[in-house]
Amino acid sequence: MSLHQHDHIMDNTKKLDAIGSAQRERLAFIDFALYFLGEVTRKDLIDRFAVGHAATTRDFALYKEITPDNLKLDMRSKKYYKQPAFTPLFNLDLEKTLATVSLGYGDGFSGFQAFPISCESPESLTIPKTAIMAVLCEGIYRNKAVEVEYISTSSGKGQREIVPHSLVDSGNRWHVRSYDRKNARFMDVVCNRVVSARIIDESPANHEQASEDRQWQKFIELELIPHPQQDNPEAIELDYEMKDGKRIIEARAALAGYLLRKWEVDCSKDGKLHKCVGYQLALANPQALYQVNSAMLAPGYEA
């Protein structure tokens, strides 16, 4: 990077730091629309943020001042078009960006506006109830115990007190990592199985805190490789951005089993799952799952 380019980036950073968060969000929207759609209009900004024409004029003027080579106004269509020298002003989080493409624009409060590119994804079958999630989140934030009515697959419906510390999206369902006072251990409470919940206004004991959840605090390395029985392993290496034929993932012990199941990783000793289902990935170091409670969820794993 040349000295001139470095000074230019620093100058842009100072300009962005000097503006308010609302205008910064609108500039990010302009940047995003140009990057992914190739065009943007003042009406797009007005519809998305409910601002006036004067505000959009200032937004586009500032964006063009910071990145003059990114866009050009076509007077006939009144659209700003992305230019060949376009360089994004903001660093985008691709996962959040793809969520926007999939779900649309929105903030969780006023609903969503449809995204102008069609995107289909599997419908979620396990969306928790908002009122239940609100209580669980409050318990986590305020570090309070929560009394829940819970339906277990083993013992049925019953009351229990839990001390939740983290929400987890396993890919198939939401659960809350909690200390369960009934069983005197940390466990995963499936949010959809919580029928009712209320805050208990007392501070949890030290042994109920997240810092004492050993499976949560313990991290292990999972070495993923193309399944040995898979034809053309180079394709799998490309899919998962492997280096030297493997991809090493660091995961919490409490979540490892969920991740291996979500990624469909054959954890059996002889790779037998590939014959039945056609697994593309295998776990090269199953010994990493020793004394990992969630390993029972890993496909084909035998202790």
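Note on segment 113-226: dipole from Cβ charges, positive end direction compared against PHE186, ALA197, ALA210; the farthest Cα belongs to ALA197.
Placing unit charges on the Cβ atoms only, positive for Lys and Arg and negative for Asp and Glu, gives segment 111-210 a dipole magnitude near 240 debye about its Cα centre. Element breakdown for the chain at a 1.4 angstrom probe: carbon and sulfur atoms account for 51% of the accessible area. Computed about its Cα centre, the charge dipole of segment 57-182 is approximately 140 debye, with only Lys, Arg, Asp and Glu carrying charge at their Cβ. Restriction of the trypsin sites (Lys or Arg not before Pro) in segment 221-303 to DSSP coil positions whose beta-carbon has at most 15 other beta-carbons within 10 angstrom yields LYS269, LYS272. Can you give the angle from 0 to 90° between the axis of helix 253-262 and the longest principal axis of the chain, with both taken from C-alpha atoms, to the nearest 10? Taking Cα atoms only, the helix is inclined about 70 degrees.
For the chain, the per residue solvent-accessible surface stands at 61 Å², with DNA, RNA and ligands left out and a 1.4 Å probe. When only the Cβ of Lys, Arg, Asp and Glu is charged (+1, +1, -1, -1), the dipole of the chain relative to its Cα centre reaches about 700 debye. Sorted from longest to shortest, the spans of the Cα atoms of segment 174-303 along the three principal axes equal 58, 27, 26 Å. Taking K and R as +1 and D and E as -1, what net charge do the other residues with C-beta under 15 Å from the C-beta of ILE127 add up to? Surrounding charge for ILE127 is +1. Multiplying the residue separation of ILE117 and ALA18 by 0.36 nm and removing their Cα-Cα distance gives an extension gain of 32.3 nm. Net charge of the neighbourhood of SER203, taken over other residues with C-beta under 10 Å away and scored Lys/Arg +1, Asp/Glu -1, is -1. Residues with beta-carbon under 11 Å from that of PRO286, excluding PRO286: net charge, scoring Lys, Arg +1 and Asp, Glu -1? That sum, taken over residues with Cβ under 11 Å, equals -2. GNM remark for the chain: springs join alpha carbons under 10 Å apart, and the peak mean-square fluctuation among GLN113, GLN291, GLN229 falls on GLN113.
Based on DSSP H segments of at least four residues, each scored -39500 (n - 2.57), the chain has a per-residue ellipticity at 222 nm of -10000 deg cm²/dmol.
Sparsely packed loop sites in segment 229-283 (the GluC sites (Glu not before Pro) outside DSSP H, G, I, E and B with at most 11 other Cβ atoms within 10 Å) comprise GLU241.
The values are calculated or read from the model by the stated rules, or taken from the named source; none is laboratory data. Predicted model only: the values in this text are computed from it and were never measured. Note that each Cβ is placed from the backbone with ideal geometry, even for glycine, and that neighbours are counted across all protein chains shown. Keep in mind that these areas ignore ligands, DNA and RNA; they rest on the heavy atoms of the full protein, side chains included. Shrake-Rupley method; radii C 1.70, N 1.55, O 1.52, S 1.80 Å.
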